[in-house]
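The structure under discussion appears below in the form of structure tokens.
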Amino acid sequence: MKIIVASTIVPFIYGGGTSIVDWLVLKLNEYGHQAESIKLPYSSDINQMMSQTVGLRMFHLEDYCERLIPIRMPSYQLQHPEKYLWFIHHYREVYDLWDTEFSPFPHTEKNCAIREYVMRSDDVSLREAKKIFTNSQVVSNRLTKFNALDSTVVYPPLFDISSFRCNSYGDYIYYSSRICSHKRQLLAVQAMKYTKTPVKLVITGKSERPQDAEEIYYEIKYNHLEDRVTVIDRWISDEEKAKFLSDCLAAIYIPYDEDSYGYPSLEAHHSQKAVISCKDSGGTDELIVDGYNGYLTDPTPQALASVYDEMYLDKNKTETMGRNGLKRIDELQINWDNVVRRFTE
């Protein structure tokens, strides 16, 4: 089958939203299909949303492929009679984040009108799809809430797990993600001032804005945590990340209302490490079962500190939870056989 995987991108910015496209194309080809990707430059500037939507609606790809798989919003505006979505999130700033501190748009008359346009055009284009898959139950619930649409969860796996391993269970909690406010690395650092054990924290990832990193550095210095918290503010290689995971005590991933469990959680489990997350972190609770393969705790420094200490003091339980992470991946059928079958049947 000839398949085009389409998505929008911000040029020169890489992450989970680009990886899922590249990996799906490679796997579809590996399984015997002819697959290519189309990546369309896209701006999240609300003032450009209407013109970008119109531009996407003008593409017709039915002469080039038998099936179209749009991924990142608003690539689902593309038209095709065999459109199968892998829907990973809305334009969240005008949907579930609209009335929160994480939406940058004031509720002006103009912005409200653009929001109405985006939501109506989404309703039209989403209903054109023959099938809608999502990357988490959280995203499926949003589709039901905002668009009155049913969907099926297909969890995205990692492309290559060969580098992930477990060498030891050391003395540090590891946080791997780009550094930004809604990933809440600052909260992970704030917890360190309440710990009662010598547990340490290592954070790696490039900061999106200078102020995000500056807040973290200030917190470390103000609370005299320099000898217990390490921050590496840059993109690290896959091998570096695998090494940090291989020797850590456990991993932490505590975003606010994330769309899915996040690749850092999967990477930790493939390294046989338990994952700490929060009760308001969104899709992480679909992967993490509290006390089985990690912890889901309140999003407060004190609650996180208590978990840090518990994992440090009871390493036997921490190791058992790490091994259970691999079992959890199997339980949820997070594998490419399942993904390819769903998109090609």
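The values are calculated or read from the model by the stated rules, or taken from the named source; none is laboratory data. Keep in mind it's a predicted model, so treat the numbers as computed, not measured. No Cβ is skipped: glycine too gets one built from the backbone with ideal geometry, and neighbour counts run over all protein chains shown.
Worth pointing out:
- Residue in region 326-333 that is touching a residue at least 12 places away in the same chain (Cβ under 8 Å), part of a loop (DSSP other than H, G, I, E, B) and within 30 Å of Glu66 (Cβ to Cβ) present: yes
- Residue check: Lys206 meets all listed conditions (1) out of contact with any helix residue (DSSP H, G or I) (no Cβ under 7 Å at 6 or more places or on another chain); (2) charged (D, E, K, R); (3) modelled with pLDDT of 95 or more; (4) not assigned by TED's automatic domain parsing to the domain that holds Phe87 but one, namely (3).
- On the stretch given as region 159-192, residues that are within 18 Å of the chain's Cα centre (by Cα), surrounded by fewer than 19 Cβ atoms within 10 Å (Cβ to Cβ) and part of a loop (DSSP other than H, G, I, E, B) total 5.
- Residue match in region 255-268 (condition: surrounded by fewer than 17 Cβ atoms within 10 Å (Cβ to Cβ), under 21 Å from Ile216 (Cα atoms) and of a type in the set (Ser, Thr, Tyr)): no
- Pick from region 1-55, criterion in a loop (DSSP other than H, G, I, E, B) and of a type in the set (Phe, Trp, Tyr), ranking: modelled with the highest pLDDT: Tyr31
- Enumeration of residues in region 217-235 that are surrounded by 15 or more Cβ atoms within 10 Å (Cβ to Cβ) and part of a loop (DSSP other than H, G, I, E, B): Asn223, Leu225, Arg228, Asp233
- Remark: pairs (first residue in region 12-32, under 20 Å from Asp238 (Cα atoms); second residue assigned to a helix (DSSP H, G or I) and at pLDDT below 95; Cβ separation under 6 Å; 6+ apart in sequence or on different chains) = Gly16/Tyr263.
- Some residue of region 134-157 being buried (at least 19 other Cβ atoms within 10 Å of the Cβ), small (Gly, Ala, Ser) and closer than 26 Å to Lys241 by Cα: yes
- Single unsatisfied condition, Tyr256 versus (1) outside any strand (DSSP E or B); (2) at pLDDT 95 or above: (2)
- Among the residues listed as Ile132, Ile114, Ile71, the single one being outside the structural domain of Tyr261 (by TED's automatic domain parsing), modelled with pLDDT of 95 or more and either farther than 28 Å from Gln34 by Cα or touching a helix residue (DSSP H, G or I) at 6+ places or on another chain (Cβ under 6 Å) (or both): Ile71
- Scan of region 281-293 for residues that are in contact with a helix residue (DSSP H, G or I) (Cβ under 6 Å, 6 or more places away or on another chain) and either aromatic (Phe, Trp, Tyr) or part of a strand (DSSP E or B) (or both), ordered by number: Gly282, Tyr292
- Hits in region 268-280 - residues which are in contact with a helix residue (DSSP H, G or I) (Cβ under 6 Å, 6 or more places away or on another chain) and without any contact (Cβ under 8 Å) to a residue 60 or more places away in the chain: Ala274, Val275, Ser277
- From Pro210, Pro198, residue being without any contact (Cβ under 8 Å) to a residue 24 or more places away in the chain and over 25 Å from Pro74 (Cα atoms): Pro210
- All positions within region 304-325 that are without any contact (Cβ under 8 Å) to a residue 40 or more places away in the chain and of a type outside the set (S, T, N, Q): Val307, Glu310, Asp314, Lys317
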